[in-house]
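Trainee: Handing you this structure, nothing more for now.
The values are calculated or read from the model by the stated rules, or taken from the named source; none is laboratory data. What you see is a predicted model; the values in this text were computed from it and never measured. Counting neighbours? That spans all protein chains shown, and the Cβs are built from the backbone with ideal geometry, glycine included. Quick note on the areas: whole protein, heavy atoms, side chains included, nothing else; ligands and nucleic acids left out. Shrake-Rupley method; radii C 1.70, N 1.55, O 1.52, S 1.80 Å.
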Amino acid sequence: MRRSVTLAWAAILALACAAAAPAAERRIVGAGATFPYPLYSKMFDVYYRQEGVKVNYQAIGSGGGIRQVQSRTVDFGATDAFIGDEEMAAFTGAVLHVPTCLGAVVVTYNLPGGPTLNLAPDVVADIFLGKLTRWDDERIVEANPGVGLPDMGIVVVRRSDGSGTTFIFSDYLSKVSPEWKETVGAGKVVNWPCGLGAKGNPGVAGLVKQLPGSIGYVELVYAVSNGMPVANIRNRSGRFIAPTVESVSQAADTELPDDMRVSITDTGAEGGYPISGFTWVIFYKEQDYAGRTLEQARDLIDLVWWMTHEGQKLAEPLHYARLGEVALRKAETLVRSAVYGGEPMLAGEARPASAAEAGR
Amino acid sequence: MWGTGTVRGGAPATSEAVFERLLHISGAGILALLAVVFVTLLVHSFPAVKDLGAAFLYGRVWDPVGGEHGALPFVLGTLFTSFLALGISMPFSLAISIYLGEYCTEGPFSSFLRSAVDLLAGIPSVIYGFWGLFVLVPLVRSLQIKLGAMPYGVGVFTASLVLAIMIVPYSASLGREVIHLVPADQKEAALALGATRAEVVRKVILPYARSGILAGVLLALGRALGETMAVTMVIGNSNVVPQGLFSPANTMAGVIANEFAEATGSVYLSALVEIGLLLFVVGTAVNILGRRVIKRASVEAA
Amino acid sequence: MREERRIVVRVAWDRLFSAATALLSYLSLIPLFLILYYIGRRGISAVDWDFFTSLPAPVGETGGGVSNALVGSAVLIGVACVLAVPVGIAAGVFLSEYGKSRLAGAVRLAVDVLQGIPSIVIGIIAYLWIVRPMRGFSALSGGAALAMLMLPVVVRSTEETLRLIPSALREASLALGVPRHRTVLKVILPAGLSGILTAVILGVARISGETAPLLFTAFGSPFMEWNVLRPMNSLPLMIFNYATSPYPEWHALAWGASFVLAVFMLLMNLVAKVMARRWKIRF
């Protein structure tokens, strides 16, 4: 009996040691946004084949990404809602926001025939406020001549978890609807007046696909890859804009701050899609913490550099917009500012983009 | 330490003592584990208790961004789904108990039904949720369209249906056992007086097996209260007080599953732990009550 | 005349009652068959060689398998067994051999309470005690959570098994002057071995479908992972993630995984049942 206990413990120790032995295998753990998950999933698959580094990215939602960075349980987080100043106070170290791409939050729905609808901002707000409850409402019909709208109730589907997609969406609605701003506001989690909650972008897309008459908001690729219709949204210049890589890129044509914590919803750009946003990877500026080795820190920095450079070419096939020139330069500066024990890991111009792309 | 005194026989006293101590330690270890669980929940929910006080229990609004943490929607959601599930499953589990305990006690049909019910208990909850999402939700949706309700498909009713299926085996197997234990002479006496079998069931068996059946119901309730995955997949995850039979809602376990990994801010996280503590206390109370009733039932039956 | 009618009514009631009982009993099997039908129909077609041997494909791409989830589930169950089985058996022996003390009464109550704790709450404990201090999600934390769920099952079944062993066996050994601990180790435990094995199998059956406590402990991973200090995928977790996604290929994989998991649970229960039956016949 006792011997078997000893044996069992020996076994687990052996297992742990055996597992720890090939530690030469380089791994990075990340968690967060589901918004860029299809892109990251592809990027990390390619990165593993190229560099042999296993990046385990779990799409648990932006809120989860921020929280796990805060409790230092992951190497990097991913979010499409930047950490606000107030929230930042709860962090014990400076956190960098490096943008990796841009995406569109689209309004998708499940209607017979899958028509493309034109939706005005106030209509979107009222639907998600639970005030506009039927598909054949005059205000929807008016903007969509020739589309046969069914006599159906509108079922709102939204996120149940803390989400950057929700942040972009609610941030937009706060800008276009005073009532939304008043009663709901902007945030990763908001106090929804109505609707069904689903976990993650996949969850919302999955539920909308399941329920005829439903409407939800997801990242563009989730709608496109599932053959779901997306609405054209009227922007500030009065045009109905379809969410595309181009219209999202145009939305970002604005003044960008150095720390890249910026919202680009309700853009003033004429052809810009109004519900667009950056998505960021976040990690501690000081990488020497909790026994992290220089090697681990370097692997992370190399990964982020790769994502903002070579990895960019994977974005457009998956309907994400790549970083513009200005955003890319600012991202580079941010990556370079990361330190290990106070020492920068990528010195000044020592690592131009081309060298990084050539691999090590 | 405990037990070192009870050394007997001529064997080397030391190994005897060591052995005994090991056994005692493993027993005490389980006690310690439980204490750790409880204290951990208590300590980590302290910030929320301090910050929110009793408002936590009756607050109707769960708005972590606005700093409001009222757990009432989840408490009501849990109670609503669990008791509805209990109500739906009761006729079935009682029927199975009576059928297997009285009408069809042996033979191929009996063992088939018994193993089938056991099987129902063995299916993982995530599979129930998955199946519910793809099979029950469309069914409930078409029902809602017929009734003119909002065709959500997911919601309290769907969650209760899934739960009801899951908990049938818990009350049925215990019910069958106690009904089986009803002394034959009592039943025969009633039959000899000219009672029909249905009357025997109603007048003799059910009163006799009452507490055992109640214990089974309590076990099933405990299972329903703590169920997470199957419920969260079909309830609609809406953090509001349930408005009606078909409305989306959320449960205590569901909100933890959805929000625990991402709760920023100490009060938010701690409020979730407090919901866990509440779940622990309620689950434990129902569970202990159930075991008490079982013990009483087995004493009565003996 | 009236008397006769009353009898007719009573007999009719009786018939109706027994018919209703039987009907309701068999009706409650419909969900079971529907579930098995869906798992079978959608699951079997998803299970092929690739399903068992390849890693998941990136989001939105077709193909791929669940080999990492299979390995992850095995490792998680292994860790849980290593943690729970020795303690569980020892505590079970303690309860059956020293079961009259006050400590034993308290332990029995504690086991009951442990058994009633919702699994999501166990997940919280594992997160606060293992994930946070170790600064990382890991299979170890998931395994520990599962071990806590498995422990009460092992303790209870071990105790019940050992109690069934005739006291004559124990007394014969003690009468020969064999000390108590040797009696337990050399007589009782070997005699109860198959019963204890059944206890372990029941424990494994209890935890192999658990999802809730793994959400924020084992966490998941798209890669093949053997290191218990790393995040790891598992079948139930994978079913949850894939089932709620919008991708039909993922749904197919989730049905396949459900099929594999259900078959595994079925086998475990079957083995436990057969072993328990053989065990009961021996004594």
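Trainee: From other protein chains only, count the Cβ atoms within 10 Å of every residue's Cβ in B:151-162, then give the mean.
Mentor: 3
Trainee: Please give the contour-minus-distance gain from residue A:255 to residue A:285: 0.36 nm per residue of separation, less the Cα-Cα distance, rounded to one decimal in nm.
Mentor: Length gained between residue A:255 and residue A:285: 8.4 nm.
Trainee: Quick one: net charge of residue C:56's neighbours, Cβ under 12 Å, K/R +1, D/E -1?
Mentor: -4
Trainee: Across bins of 10 angstrom width beginning at 0, how are the C-alpha pair distances of region C:112-190 distributed, in whole percent?
Mentor: Final binned percentages: 17, 30, 20, 19, 13, 2.
Trainee: Over chain C, with a single point scatterer placed on each C-alpha, what log10 of the ratio I(q)/I(0) does the Debye formula yield at q = 0.07, 0.10, 0.16 1/Å?
Mentor: The Debye formula, applied to the Cα set alone, gives -0.38, -0.68, -1.20.
Trainee: Another question, if that's okay. Mind listing the phi-derived Karplus ³J(HN,Hα) values for region A:279-293, rounded to whole Hz, using 6.51, -1.76 and 1.60 with θ = phi - 60°, and x for any glycine or proline?
Mentor: 10, 10, 9, 10, 7, 6, 5, 8, 8, 8, 8, 6, x, 5, 8
Trainee: Can you give me the solvent accessible area of residue A:48 with a 1.4 Å probe, rounded to the nearest 10 Å²?
Mentor: Surface open to solvent at residue A:48 totals about 80 Å².
Trainee: May I ask you to rank C:97, A:51 by accessible area, largest first, using a 1.4 Å probe over the protein chains only?
Mentor: A:51, C:97
Trainee: Let me ask you something else. Helix by helix, which DSSP H runs in chain B go 27 Å or more along their axis at the Cα atoms and have an average Kyte-Doolittle hydropathy of -0.5 or more?
Mentor: B:13-52, B:72-98, B:156-181, B:206-226, B:266-301
Trainee: Modelling each spin label as a point 7 Å along the Cα-to-Cβ direction, I'd like the residue A:147/residue B:110 distance in nm, to one decimal.
Mentor: 6.4
Trainee: Also: As an exercise, find the ratio Rg/Rh for region B:143-243 from alpha-carbon atoms, using the Kirkwood inverse-distance average for Rh.
Mentor: Ratio of gyration radius to Kirkwood radius for region B:143-243: 1.20.
Trainee: Give me Rg over Rh for region B:55-301, both radii from the alpha carbons and Rh done the Kirkwood way, two decimal places.
Mentor: Dividing the radius of gyration by the Kirkwood radius yields 1.06.
Trainee: Quick check: convex hull of the Cα atoms in chain A, volume per residue, rounded to a whole Å³?
Mentor: Measuring per residue, one finds 167 Å³ for the Cα hull of chain A.
Trainee: Assign one of three labels to region A:55-163, namely rounded, prolate or oblate, based on the Cα gyration tensor with a ≥ b ≥ c the square roots of its eigenvalues; rounded applies when a/c is under 1.5, prolate when it is not and a/b is larger than b/c, and oblate otherwise.
Mentor: prolate
Trainee: Let me ask something else about it. Give me the mean projected area, in nm² to one decimal, of the convex hull enclosing the Cα positions of region B:228-302.
Mentor: For the Cα atoms of region B:228-302, the hull's average projected area reads 7.0 nm².
Trainee: Roughly how many Å² of residue B:262 are accessible to a 1.4 Å probe, to the nearest 10?
Mentor: 10
Trainee: What is region C:195-270 by shape, rounded, prolate or oblate, if you read a ≥ b ≥ c off the alpha carbon gyration tensor as root eigenvalues and call it rounded for a/c under 1.5, prolate for a/b larger than b/c, and oblate otherwise?
Mentor: Note, shape of region C:195-270 comes out oblate.
Trainee: Here's a follow-up. Suppose R0 equals 22 Å. What FRET efficiency, 1/(1 + (r/R0)^6) with r the Cβ-Cβ distance, do residue A:343 and residue C:135 give to the nearest 0.05?
Mentor: 0.50
Trainee: Any idea what diffusion coefficient region C:86-241 gets from Stokes-Einstein, in µm²/s, Kirkwood Rh on alpha carbon pairs, 4 °C, 1.567 mPa s?
Mentor: Once the numbers are plugged in, D ends up at 76 µm²/s.
Trainee: Taking each full run of DSSP H in chain A as one helix, which ones are at least 24 Å long along their axis (Cα atoms) and have mean Kyte-Doolittle hydropathy of at least -1.0?
Mentor: A:2-20
Trainee: At q = 0.07, 0.08 Å⁻¹, what log₁₀ I(q)/I(0) does the protein assembly as shown have when each alpha carbon counts as one equal point scatterer in the Debye sum?
Mentor: Debye intensities relative to I(0), on a log10 scale: -0.61, -0.79.
Trainee: Pop the C-beta distance of residue B:35 and residue B:79 into the FRET formula with R0 = 30 Å and round what comes out to the nearest 0.05.
Mentor: Here the calculated transfer efficiency is 0.60.
Trainee: Computed from the mean reciprocal separation of all distinct C-alpha pairs, what Kirkwood hydrodynamic radius does region C:192-232 have, in Å?
Mentor: For region C:192-232, inverting the mean 1/r across all distinct Cα pairs yields 12.2 Å.
Trainee: Please list B:51, A:171, B:118 in order of solvent-accessible area, largest first, computed with a 1.4 Å probe with all protein chains present.
Mentor: Putting B:51, A:171, B:118 in descending order of accessible area: B:51, B:118, A:171.
Trainee: Given H placed on each backbone N at 1.01 Å, which residues far from residue B:69 in sequence or on other chains put an amide H within less than 5 Å of it?
Mentor: B:63
Trainee: Tell me, what is the 1.4 Å probe accessible area of residue B:202, in Å² to the nearest 10?
Mentor: For residue B:202, solvent-accessible area is about 150 Å².
Trainee: Report the net charge of residues surrounding residue A:224, where surrounding means a beta-carbon distance below 15 angstrom and charges are Lys +1, Arg +1, Asp -1, Glu -1.
Mentor: Charge balance in the 15 Å sphere: -2.
Trainee: While we're on this one: Mind putting a number on the dipole of chain C about its Cα centre? Charges go on the C-beta only, +1 for Lys and Arg and -1 for Asp and Glu, and I need it in Debye to the nearest 20.
Mentor: Result for chain C is approximately 1240 debye, rounded to the nearest 20.
Trainee: Just tell me, in residue order, which DSSP H segments of chain C are both 27 angstrom or longer along the helix axis (alpha-carbon based) and at least 1.0 in mean Kyte-Doolittle hydropathy.
Mentor: Helices meeting the span and hydropathy rule in chain C are C:67-97.
Trainee: Moving to a separate point now. Note the full-extension length gain between residue B:203 and residue B:189 as 0.36 nm times their separation in residues minus their Cα-Cα distance, in nm to one decimal.
Mentor: Residue separation times 0.36 nm, minus the Cα-Cα distance, leaves 3.9 nm.
Trainee: Normalise the Debye intensity by I(0) for region C:1-154, one equal point scatterer per Cα, no solvent, then take log10 at q = 0.12, 0.20 Å⁻¹ and round to two decimals.
Mentor: Log10 of I(q)/I(0), two decimals: -0.85, -1.18.
Trainee: Counting C-alpha atoms alone, how compact is region A:104-275: give Rg to one decimal and Dmax as a whole number, in angstrom.
Mentor: 15.0, 50
Trainee: So how do A:173, B:33 rank on accessible area, 1.4 Å probe, biggest first, that is with the largest at the start?
Mentor: Ranking A:173, B:33 by accessible area, largest first, yields B:33, A:173.
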